[in-house]
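Step one of this worksheet: look at the structure below.
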Amino acid sequence: MQVLHGTFQHYAWGTTDAIPELLGQPADGTPVAEYWLGAHPLAPSEVDGVRLDALLSGNPQVIGEASRAAFGDRLPYLVKVLSARHALSLQAHPSRDQAEEGFAKENAAGLAADAPERTYRDDWPKPELLVALNEFHGLAGFRDPKRSAALFGGLGVAEDLASVIGPLTERKGSAALAEVFLDVLSLKGERARLSELVCAAAMRRKDSPGELGEFCRTILELDEVFPTDPSIIAAALMNRVTLNPGEGLYVPAGQMHAYLSGTGVEVMANSDNVIRGGLTSKHVDVGELVRVVDFEPSTPSPIRPVAARDGVEKYPTPCEEFDVWRITPGAQHGAINLPGAKSARILLLTEGEAELASGSQRLLLHRGEAAFIPATDPTATISGDGVGFMTASGLR
């Protein structure tokens, strides 16, 4: 067991105070969007001054046998603290097969690893789970097309947008949503001004009750960051999701999503593959959107952790790259065994203090600190009044 020191990412959409406050550090006005805990080569964490990816390369047995058999000598997950001041781009992530095929195709085409038109940075999928630390807002998946058509009708712009949103009522399900979404990304010239009309109508109706009011306020929230961007209309086809602290949102391969605001712990497969779908100045590969995105209507629901035993709750997800638990030992439970044995584990403490113990070894963690626990140390326990999030490989 060793203290794990993460790496900051200063993207412009980040808040300036939330992550420094969690880590007990002063804020200096610089956006701090993410804090990475893991072995991704772009921003590896450190243990005793040694890069975690280098440590794992020299000691692969600490990853765990089952994980190594499935994923190779690589930590299969990445843990982040994410704090969004405003909306991120619309995006989706590939399945493993799609990532392997896309990565090989771009390599064969001779695209440089850092080429701006490159979509696949590696050959891994990127399912992810976001657990809210405060109230968190996002967009995830597509609502039923007829409901979206009714909302645009409530804005009073359905007739003006008929050439774009007509398929919402003329076609069914995923076919309707795919046609409208992809058409919006190609709006040029006078047609691009349709987003101005939508935003103006949303301003007039932003105080409407119920779903229409929320629809209007979401449009205006996006317009503040991406003024009159045509892909605001594409985002308006999606479900808005609100998470309370402790609730999670699981994003499977192919699900279009965008985080809007809030701070949370994000766990994902160890990948940097992003297929962007709008609200961005970066490359949008329409061909890959068609291949990867699931346009089937859905209604995402917050995930609540399920009690596994005293002081241990698990977030149920179907992916093999990671499992996530919320750990709340408390004085009434005494020392409890940490879950995820036989896998390399990362524990991030988000509240209070906690002591890890294994044999004669002791490690005291304060709020904002993290620990790396190797698979070769399966008997670790935790005690104290802290709240932590534990991640391990989903295969052990």
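The values are calculated or read from the model by the stated rules, or taken from the named source; none is laboratory data. Computed from a predicted model, the values in this text were never measured in an experiment. FYI the Cβ positions are ideal-geometry reconstructions off the backbone, even for glycines, and counts take in every protein chain you see. SASA here: full protein model, heavy atoms, side chains in, ligands and nucleic acids out. Shrake-Rupley method; radii C 1.70, N 1.55, O 1.52, S 1.80 Å.
Would you check if Arg217 is within 27 Å of Pro116 (Cα to Cα) and among the basic types (Lys, Arg)? So Arg217 fails the test.
Say we look at the stretch 24-74 and pick out the residues that are surrounded by fewer than 17 Cβ atoms within 10 Å (Cβ to Cβ) and of a type in the set (Ser, Thr, Tyr); which of these is farthest from Glu266 (Cα to Cα)? This residue is Ser57. Checked against (1) within 23 Å of Asp207 (Cα to Cα); (2) open to solvent by 40 Å² or more (accessible area, probe 1.4 Å); (3) in contact with a strand residue (DSSP E or B) (Cβ under 8 Å, 6 or more places away or on another chain), Phe136 passes all but condition (2).
Number of residues in the stretch 302-317 that are under 20 Å from the mean Cα position of the chain (by Cα) and open to solvent by 80 Å² or more (accessible area, probe 1.4 Å) equals 1. Note on the stretch 179-189: residues that are out of contact with any strand residue (DSSP E or B) (no Cβ under 8 Å at 6 or more places or on another chain) and open to solvent by less than 20 Å² (accessible area, probe 1.4 Å) amount to 2.
Condition check for Tyr77 on (1) within 17 Å of Phe322 (Cβ to Cβ); (2) open to solvent by 10 Å² or more (accessible area, probe 1.4 Å): one failure, at (2). Would you point out the residue of the stretch 43-99, among those that are of a type in the set (Lys, Arg) and part of a strand (DSSP E or B), that is farthest from Asp229 (Cα to Cα)? It comes out as Arg51. Restricting Ala201, Ala176, Ala192 to residues that are of a type in the set (A, V, I, L, M), farther than 18 Å from Lys146 by Cβ, open to solvent by less than 30 Å² (accessible area, probe 1.4 Å) and at pLDDT 95 or above narrows the list to Ala201. If you go through the stretch 261-293 and pick out every residue that is within 24 Å of Arg121 (Cα to Cα), under 14 Å from the mean Cα position of the chain (by Cα) and either of a type in the set (A, V, I, L, M) or open to solvent by less than 10 Å² (accessible area, probe 1.4 Å) (or both), you end up with 10. Does the stretch 219-242 contain at least one residue that is out of contact with any helix residue (DSSP H, G or I) (no Cβ under 9 Å at 6 or more places or on another chain), of a type in the set (Gly, Ala, Ser) and surrounded by 15 or more Cβ atoms within 10 Å (Cβ to Cβ)? Checking the stretch 219-242: not a single residue is out of contact with any helix residue (DSSP H, G or I) (no Cβ under 9 Å at 6 or more places or on another chain), of a type in the set (Gly, Ala, Ser) and surrounded by 15 or more Cβ atoms within 10 Å (Cβ to Cβ). Taken over the stretch 118-171, residues that are assigned to a loop (DSSP other than H, G, I, E, B) and either more than 29 Å from the chain's Cα centre (by Cα) or on the phi > 0 side of the Ramachandran plot (or both) amount to 8. Among the candidates Ala140, Ala92, single out the residue that is under 28 Å from Glu266 (Cβ atoms), of a type in the set (A, V, I, L, M) and touching a helix residue (DSSP H, G or I) at 6+ places or on another chain (Cβ under 7 Å). Only one candidate passes the filter, namely Ala92.
The residues listed here are Thr119, Thr7; of these, the one that is at pLDDT below 95 and surrounded by 13 or more Cβ atoms within 10 Å (Cβ to Cβ) is Thr119. Is it the case that the stretch 353-371 has a residue that's out of contact with any Lys or Arg (no Cβ under 6 Å at 6 or more places or on another chain), outside any strand (DSSP E or B), closer than 30 Å to Arg143 by Cβ and touching a residue at least 60 places away in the same chain (Cβ under 8 Å)? No: zero hits.
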